[in-house]
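Notes to accompany the following structure.
The values are calculated or read from the model by the stated rules, or taken from the named source; none is laboratory data. Note that the structure is a prediction, hence the values are computed from the model and not measured. Backbone-built Cβ (ideal geometry, glycine too); neighbour counts: all protein chains shown.
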Amino acid sequence: MVDDLRSEDGLGGFESHHHRPARRSEKERPLADREVPLGHQETDTRILSPAIHQWLDGELPEASVRKGDTARDVEFWKNITVEVERRRRVSTPPYLEGQIMEALPQTAPAVITPWYKREFVITPARAVAIAAGLMVLAAAAAMAIMMALQ
């Protein structure tokens, strides 16, 4: 299955990495693969001025971009900066932190798993003991069979 989420002009994300086949026409594509328009997106799309980019990067003073069409963008980005700084200073109130810490269990919860689902670990000493026990059991069984045959 190929997900082709690019626009009709072929510009999009990963052209340099993946070769995609040409898009089929609307009539050839199944209904689930057709694009749904999201309203008047094309008319609302704005491209940020290179001067605004330079101001945001600290290359231009604010006064040089605060005129004309870019004044609205400057106000927008200044409001974003103020909001980010305000949210950066927000901290959890001490009473809420205390409530959270009190709600945590004091001991680690015990996981109850049936014996047949638990991990079975054999140490070298146990392996030797099991092998010796099996050898003794096999010898005893062989002796019992020999005694029964006589």
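Here are a few things to note about the model shown:
- Criterion applied to Met135, Met147 was being at pLDDT 90 or above, surrounded by fewer than 10 Cβ atoms within 10 Å (Cβ to Cβ) and out of contact with any helix residue (DSSP H, G or I) (no Cβ under 8 Å at 6 or more places or on another chain), and the one residue passing it is Met147.
- Members of region 116-148 found to be of a type outside the set (A, V, I, L, M) and under 34 Å from the mean Cα position of the chain (by Cα), listed by number: Tyr116, Lys117, Arg118, Glu119, Phe120
- Helices (runs of 4 or more DSSP H) within region 24-84 that include 1 or more residues modelled with pLDDT under 65: 41-44
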